[in-house]
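Pasting a structure below so you can have a look.
Throughout, read-outs are computed from the coordinates displayed, never taken from laboratory work. Quantities reported herein were computed from a predicted structural model and do not represent experimental measurements. Here the Cβ positions follow ideal geometry from the backbone for every residue, glycine too, while neighbour counts run over all protein chains shown.
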Amino acid sequence: MDVHERIPRAEYEAAAAWLRERIPFSPRIGLVLGSGLAPFANAVEASITLAFTDIPGFPAVTVEGHPGRVIVGQLEGHPIMVLQGRAHFYEGYSVQRTTFPIRVMQLLGVRILILTNAAGGLNPEFRPGDVMILRDHIGLFGMAGINPLRGPNEMDWGPRFPDLSQAYDPALRALACKVAQAEGIPAHEGVYVMLGGPSFETPAEVRFLRLIGADAVGMSTVPEVIVARHGGMRVLALSGISNTLNPDAIEPPSHEEVLRVGQVLVPRLLAIVRGVLRSLRGEISSSQNQ
Ligand code: HPA
């Protein structure tokens with residue numbers, strides 16, 4: 001599979017039509033659950049669960065800790081569509097295929113996208129189990145040309161040159177910070193850098209990433225943010241810091257550690273997301289119509 005592919009609009013529309021037939025309302029909130037965060041979905045009420053592998057065009061997920069299910073239901077009174085797991089570029093998908101579900105959310109009417117991920121802490125003040133509220137990102141990967149918007153632009157999706165100067169919605173960030181503080185959750189605002197993975201960083205790469213101003217590093221999220229902003233959604237993104245990276249100490253990160261710390265992070269992230277959604281009640285329509 002090439003790093004890019006051109007997916008015709010009809011393919012996204014087929015997936016949206018398939019989902020519309022099976023879900024009784026139009027979701028307004030989208031939520032993506034990162035590595036080790038799948039149990040978060042248990043909080044969704046009156047839910048319907050669908051496997052990625054049954055939905056036309058959805059990428060199958062191959063990584064442990066990512067079940068690859070769509071859960072649609074209610075959270076804090078909002079109709080929500082949850083991706084329980086995501087497909088990553090390193091699994092061999094094109095960057096367009098990894099963001100396929102985000103475009104489908106756009107077609108279904110999602111207005112606010114909340115992304116979560118597991119990330120390695122670069123900022124020396126971060127501890128495993130902390131939450132980072134993304135203030136900005138460095139799309140190292142995208143800066144090298146791997147961008148889900150590469151190719152002819154379709155104006156129906158969004159503009160040719162989307163603005164990313166405020167990619168992470170300032171009002172949602174402020175709400176998330178307020179909730180974290182009120183709940184006593186260790187949280188920091190910071191800059192996320194995305195690498196292609198799946199190998200973890202060398203000590204020299206960790207030094208480089210610190211130097212360029214990154215606070216946490218991961219292997220996802222940025223392409224989803226680009227597609228969501230292109231489609232006019234408001235974005236909030238939260239990293240669960242699963243491990244810390246110190247270039248001068250040899251403490252290799254592991255996927256098992258990422259999944260283990262996820263257990264501490266789930267209730268913290270859930271509390272933040274619930275608090276944000278509670279504050280948004282009434283602000284966005286919770287239409288029962290398609
Ligand atoms: N590096 C990259 N991605 C990650 C890490 C890490 O240390 N931890 C969780 N995702």
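Given a cut-off of 17 Å, what percent of all Cα-Cα pairs of region 171-216 lie beyond it? Kindly include the intermediate steps, with their values, before the conclusion.
Numbers: 513 of 1035 pairs.
Within region 171-216, distances greater than 17 Å cover 50 percent of Cα pairs.
To two decimal places, what compactness ratio does region 143-219 give when its Cα radius of gyration is scaled by 2.2 N^0.38 Å? Mind showing how you got there, number by number?
Numbers: Rg = 16.6 Å, N = 77, 2.2 N^0.38 = 11.5 Å.
For region 143-219, the normalised Cα radius of gyration comes out at 1.45.
Mind jotting down the three principal axis lengths of region 1-130 based on Cα atoms? Whole angstrom, largest first.
On the principal axes, region 1-130 reaches 47, 41, 24 Å in Cα extent.
Add -39500 (n - 2.57) for each DSSP H run of 4 or more in the chain, then divide by its residues: what number comes out at 222 nm, to the nearest 500 deg cm²/dmol?
So the calculated ellipticity at 222 nm is -9000 deg cm²/dmol.
Right, something else. Treating only the Cα positions of region 57-119 as identical point scatterers, give the base-10 log of I(q)/I(0) from the Debye formula at each q in 0.14, 0.28 Å⁻¹.
-0.42, -1.40
A further question on this structure: Tell me, what ³J(HN,Hα) does each residue in region 26-39 have, in order and in whole Hz, if you take phi through Karplus 6.51 cos²θ - 1.76 cosθ + 1.60 with θ = phi - 60° and put x for Gly and Pro?
9, x, 9, 10, x, 9, 10, 9, x, 3, x, 9, 4, x
Full-extension gain between residue 160 and residue 181, please, as 0.36 nm times their residue separation minus the C-alpha to C-alpha distance.
3.7 nm
Please sort through the DSSP H helices of the chain and keep those with an alpha-carbon extent of at least 15 Å along the long axis and a Kyte-Doolittle average not below 1.6.
Working: long enough: 9-20 (16 Å, -0.45); 170-183 (20 Å, 0.45); 255-279 (35 Å, 0.62).
Flagged H segments: there are none.
Right, something else. Calculate, in whole percent, how much of the Cα-Cα pair population of the chain lies beyond 33 Å.
Taking all Cα-Cα pairs of the chain, the fraction more than 33 Å apart is 15 percent.
Over the Cα atoms of region 197-257, what Rg and Dmax result, in angstrom?
14.0, 42
Still on this structure, I have one more. State the Kirkwood hydrodynamic radius of region 175-290 in Å, one decimal place, computed from all pairs of distinct Cα atoms.
For region 175-290, the Kirkwood estimate is 16.5 Å.
At 37 °C and 0.692 mPa s, what whole-number value in µm²/s does Stokes-Einstein give for the translational diffusion of region 1-70, with Rh from the Kirkwood sum over Cα pairs?
Values: Rh = 13.9 Å.
It diffuses with D of about 235 µm²/s by this estimate.
While we're on this one: Give me the Debye-computed log₁₀ of I(q)/I(0) at q = 0.09, 0.15, 0.17 Å⁻¹ for region 77-222, equal point scatterers on Cα only, no solvent, two decimals.
Reported log10 I(q)/I(0), two decimals: -0.31, -0.91, -1.16.
Please go through region 74-135 and write out the GluC sites (Glu not before Pro) that DSSP classes as loop and that have at most 11 other C-beta atoms within 10 Å.
For GluC sites (Glu not before Pro) across region 74-135 that sit outside H, G, I, E and B with at most 11 neighbouring Cβ atoms in 10 Å, the list reads 125.
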